[in-house]
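S.K.: Before I ask anything, let me first share the structure, which is written out below as structure tokens.
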Amino acid sequence: MSSKLNIKYWLLLVPTLLMALMGFSNPASAVPSFARQTGQNCVACHAGGQFPELTPYGRLFKLTGYTIGQRALPLAAMAVLTANKVKVNDPTLGKTQDGSPIFNTASLFIAGKITDKVGGFVQITYNNYDSQDAETGNWSGHTGSDNLDLRYADRLINANQDLIYGLTLHNNPGVQDVWNSTPAWGYGVVPGSTGAGNGATPILDGGGPGLGQQVAGIGAYAYWNKMVYAELTGYRTGDGVFSFMTQGNGGQVNIQGTNPYARLALTHEWGPHNVMVGLSYLDVRPYSDTTSHSGPTDHYRDNGIDFQYQYLLDPYTVTATVTRIHENIDYGLGAPSATVNSLRAKTSFIYQAKYGATLSYFNLTNTLGAESKGWTPEVFWTPVQNVRLGMQYTMFNKNEGVIDPRDPTGTLALKASDSNTLFFYVWGAY
């Protein structure tokens, strides 16, 4: 394949996908299975109909255990086709960087209402470019557990109060959250997108030993009068009875005992506006040898503060988020302590639930020697509610630790702008 983006493939690929998915589309209800269950259009739960940004109704649906509506077929699927063009690409990575269109990932969802108080979703994902053979350069696909969130919830509502409370069993810190300022749902959510380059990130931002889909979390939460949200969750190694939550992920990360996570958020809604200010804290001790169940442990402590504002009034939708996470790390094998910080901000604008644009900013600083900073503008189009086409361009002001693939010595670092990346995607679900 040419190193330039091969347009003719997209001219064939995009119309074919659109026609296939339009044949399954239903303007009266949305996809995937949650929309069939509630009988609502995508815009009811998702701001401007764009996954994964939730509206107040979408947050209510999740907090009440995914139980609103009547039981329906609990199966859904999504697939993502992408083309990733890096300014100075590594030729050994082939199609993943040279702009060639590829089938990136596909997911199967088992999701919906189980009883009037129990529901959830289980995601199983196939990654078509999971690993690369060092000798042949050929890529291999792999299937494994992805995000999972099972809930029990109840609601006490009368003229004086509205209290939602429940329990959550999940496998990725942050996936249980209902606000788009959480890294799990707010930043770099399109499968295969650049994210934030080579910079180190806190555990709550997907960094460290990588707890996502690797641990088991059991938490309790309450939401009072649409004003105060509080949650306390404990995370432990996802083995034994919890091993189904980490299947296919190369072995769970082993952490010592039960590790606490706390979340507090204040919210307010008025007219078409809603706002949230939140705090989060995670204290986790993974074993220094994460494949072991004993020995020294590292100690990670994450403190986060986040903000979200939404304006939802047809035909316009605006969502703005800011997230700041500070992490302290003490290593069990005697390495110097470290700090990791992530600052992310994002604004999205959607018109008529079809045409949208976002602007994201990231700034990752730390004492580990791999920092990253830059911007990602994006434009997208949703011709039907279960198909989304988008284009992103990530511009790096800093991206440390990336080696120039043209350097035969393997020691020369690229300048930041050489990592700039143009990214196309077609995201379909049913």
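S.K.: Quick test of your reading of the structure: Val241 fulfils all but one of (1) under 21 Å from Cys45 (Cα atoms); (2) of a type in the set (A, V, I, L, M); (3) over 17 Å from the mean Cα position of the chain (by Cα). Name the failing condition by number.
M.R.: In the conditions (1) under 21 Å from Cys45 (Cα atoms); (2) of a type in the set (A, V, I, L, M); (3) over 17 Å from the mean Cα position of the chain (by Cα), Val241 misses (1) alone.
S.K.: Right, here's the next one. List, please: which pairs have Cβ atoms under 8 Å, are six or more places apart or on different chains, and start with a residue in region 405-430 that is polar (S, T, N, Q) and end with one that is at pLDDT below 80?
M.R.: Listed pairs, sorted by first residue: Ser419/Gly197; Thr421/Thr194.
S.K.: What are the residue pairs meeting all of these: first residue in region 308-322, first residue crowded, with 23+ Cβ neighbours inside 10 Å, second residue modelled with pLDDT of 95 or more and among the basic types (Lys, Arg), Cβ atoms under 7 Å, and 6 or more apart or on different chains?
M.R.: Cβ pairs passing all conditions: Thr321/Lys346.
S.K.: For region 215-235, give me each residue that is surrounded by 18 or more Cβ atoms within 10 Å (Cβ to Cβ), under 22 Å from the mean Cα position of the chain (by Cα) and not aliphatic (A, V, I, L, M).
M.R.: At the first step, the residues of region 215-235 found to be surrounded by 18 or more Cβ atoms within 10 Å (Cβ to Cβ) are 215-217, 219, 221, 223, 229, 231, 233, 235.
Then drop every residue that is not under 22 Å from the mean Cα position of the chain (by Cα), which leaves 215-217, 219, 221, 229, 231, 233, 235.
The answer is Gly217, Gly219, Tyr221, Tyr229, Glu231, Thr233, Tyr235.
S.K.: Let me ask something else about it. Report those helices (runs of 4 or more DSSP H) wholly inside region 33-146 carrying at least 3 residues which are surrounded by 16 or more Cβ atoms within 10 Å (Cβ to Cβ) and modelled with pLDDT of 90 or more.
M.R.: Helices (runs of 4 or more DSSP H) meeting the threshold: 56-63.
S.K.: Mind checking which residues of region 166-184 are part of a strand (DSSP E or B) and either of a type outside the set (Gly, Ala, Ser) or within 12 Å of the chain's Cα centre (by Cα) (or both)?
M.R.: Residues satisfying the conditions are Leu167, Thr168, Leu169, His170.
S.K.: Show the residue pairs that are 6+ apart or on different chains and have beta-carbon atoms under 8 Å apart, the first residue being within region 237-266 and in contact (Cβ under 8 Å) with a residue 60 or more places away in the chain, the second being part of a loop (DSSP other than H, G, I, E, B) and surrounded by fewer than 19 Cβ atoms within 10 Å (Cβ to Cβ).
M.R.: Thr246/Asp239
S.K.: If we keep just the residues of region 398-429 that are in contact with a helix residue (DSSP H, G or I) (Cβ under 6 Å, 6 or more places away or on another chain) and assigned to a strand (DSSP E or B), which is farthest from Ser33 (Cα to Cα)?
M.R.: Selected residue: Lys398.
S.K.: Right, next: Quick one: would you say Gly390 is modelled with pLDDT under 95 and not polar (S, T, N, Q)?
M.R.: When the stated conditions are applied, Gly390 does not pass them.
S.K.: How many of the residues in region 374-397 are farther than 30 Å from Arg36 by Cβ and either in contact with a Cys (Cβ under 6 Å, 6 or more places away or on another chain) or of a type in the set (Gly, Ala, Ser) (or both)?
M.R.: 1
S.K.: Please tell me if Lys373 is closer than 14 Å to Ala196 by Cα, among the basic types (Lys, Arg), in contact with a Lys or Arg (Cβ under 6 Å, 6 or more places away or on another chain) and in a strand (DSSP E or B). Talk me through it step by step, then tell me what you get.
M.R.: Numbers: closer than 14 Å to Ala196 by Cα: yes; among the basic types (Lys, Arg): yes; in contact with a Lys or Arg (Cβ under 6 Å, 6 or more places away or on another chain): yes; in a strand (DSSP E or B): yes.
Spelling it out, Lys373 is indeed closer than 14 Å to Ala196 by Cα, among the basic types (Lys, Arg), in contact with a Lys or Arg (Cβ under 6 Å, 6 or more places away or on another chain) and in a strand (DSSP E or B).
S.K.: Tell me which residues, restricted to region 280-307, are in a strand (DSSP E or B), polar (S, T, N, Q) and surrounded by fewer than 20 Cβ atoms within 10 Å (Cβ to Cβ).
M.R.: Residue satisfying the conditions is Asn303 alone.
S.K.: May I pose another question? Restricting to region 221-247, give me the number of residues that are over 30 Å from Asn158 (Cα atoms), touching a strand residue (DSSP E or B) at 6+ places or on another chain (Cβ under 7 Å) and in a loop (DSSP other than H, G, I, E, B).
M.R.: Residues that pass the stated criteria total 3.
S.K.: Follow-up question, since we're still on this one. For region 254-264, how many residues meet the condition of being assigned to a strand (DSSP E or B) and either among the polar types (S, T, N, Q) or modelled with pLDDT of 95 or more (or both)?
M.R.: Within region 254-264, the first condition is being assigned to a strand (DSSP E or B), and the residues that meet it are 255, 259-264.
Right, trim to either among the polar types (S, T, N, Q) or modelled with pLDDT of 95 or more (or both) and you get 259-264.
The number of residues fulfilling the criteria is 6.
S.K.: Quick one: would you say Leu232 is in contact (Cβ under 8 Å) with a residue 24 or more places away in the chain and farther than 30 Å from Gly271 by Cα?
M.R.: Against the criterion (in contact (Cβ under 8 Å) with a residue 24 or more places away in the chain and farther than 30 Å from Gly271 by Cα), Leu232 qualifies.
S.K.: Can Thr267 be described as out of contact with any Leu (no Cβ under 9 Å at 6 or more places or on another chain), of a type in the set (Val, Ile, Thr) and in a loop (DSSP other than H, G, I, E, B)?
M.R.: Against the criterion (out of contact with any Leu (no Cβ under 9 Å at 6 or more places or on another chain), of a type in the set (Val, Ile, Thr) and in a loop (DSSP other than H, G, I, E, B)), Thr267 does not qualify.
S.K.: Within region 42-69, how many residues are closer than 16 Å to Tyr351 by Cα and over 19 Å from the mean Cα position of the chain (by Cα)?
M.R.: Result for region 42-69: 2.
S.K.: Now for a separate question. Between a first residue in region 334-348 that is closer than 12 Å to Tyr300 by Cα and a second residue that is of a type in the set (Asp, Glu), which pairs have beta carbons less than 7 Å apart while being 6 or more apart in sequence or on different chains?
M.R.: Ser337/Asp330; Thr339/Glu327; Val340/Glu327
S.K.: Provide a single number: the residues in region 149-165 that are part of a loop (DSSP other than H, G, I, E, B) and in contact (Cβ under 8 Å) with a residue 24 or more places away in the chain.
M.R.: Residues meeting the conditions: 1.
The values are calculated or read from the model by the stated rules, or taken from the named source; none is laboratory data. Every value quoted in this text rests on a predicted model; they were computed, and no experiment measured them. Because the Cβ atoms are built from the backbone with ideal geometry, glycine has one as well, and the counts that use them run over all protein chains shown.
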